[in-house]
1. Based on this model, can you work out whether GLY50 counts as out of contact with any Ser or Thr (no Cβ under 6 Å at 6 or more places or on another chain), touching a residue at least 12 places away in the same chain (Cβ under 8 Å) and within 16 Å of the ligand (Cβ to nearest atom)?
2. Quick check on my filter: what residues within the stretch 128-148 are near the ligand (Cβ under 8 Å from one of its atoms) and either hydrophobic (A, V, I, L, M, F, W, C) or open to solvent by 80 Å² or more (accessible area, probe 1.4 Å) (or both)?
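The values are calculated or read from the model by the stated rules, or taken from the named source; none is laboratory data. This structure is a prediction, so every number in the text was calculated from the model and none was measured. Every residue, glycine among them, receives a Cβ derived from its backbone with ideal geometry; neighbour counts consider all protein chains shown. With ligands, DNA and RNA removed, areas are computed over all heavy atoms of the protein, side chains included. Shrake-Rupley method; radii C 1.70, N 1.55, O 1.52, S 1.80 Å.
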Amino acid sequence: MKTLFRVLTLAGMAAAPMLLSSAAYAQFAKAEDAVAYRESVMTVMSSHFGRIGPVVKGERPYDAAQVQADVALVAILSKLPWAAFGTGTEGGRAKPDVWADNAKFKQRSDAFQENVAKLATAAQSGKLEQVRTAFGDTAASCKACHDAFRKPK
Ligand code: ASC
């Protein structure tokens, strides 16, 4: 019985990443639920990303562990919004081109995620100079996607 439990636990742990990737098929009852989900993720991600800005500008002391913690959250959050841009979820500040030019949207969101991965590597290095460069590249890819696909307020 104990062994069976262990096997089931391990199987559950192995399935966890699949559950995460099946978020790509996430179902939202209403379009507004998808809008609220993606806006919430962006808000929290922006909070943690934004904390690194003053550090790379030299306005706040560099605490490598704190930057790593913020970047770790950004890395997780950066995977989440995309499943909430499914067909029929038009709304919020998303421009119609998210759906009309979805290939470009995917390209921009992929580029952003690649930059976040590089930022995570830079944070792990513990070197502020590397964090500064990767942070700038990531911010540029946030902006590139927003400029093309987010309505101004
Ligand atoms: C942020 C945030 C963005 C990006 C962008 C970078 O913290 O909320 O949208 O950085 O401003 O240019």
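1. no
2. Residues satisfying the conditions are ALA139, ALA140, CYS142, LYS143.
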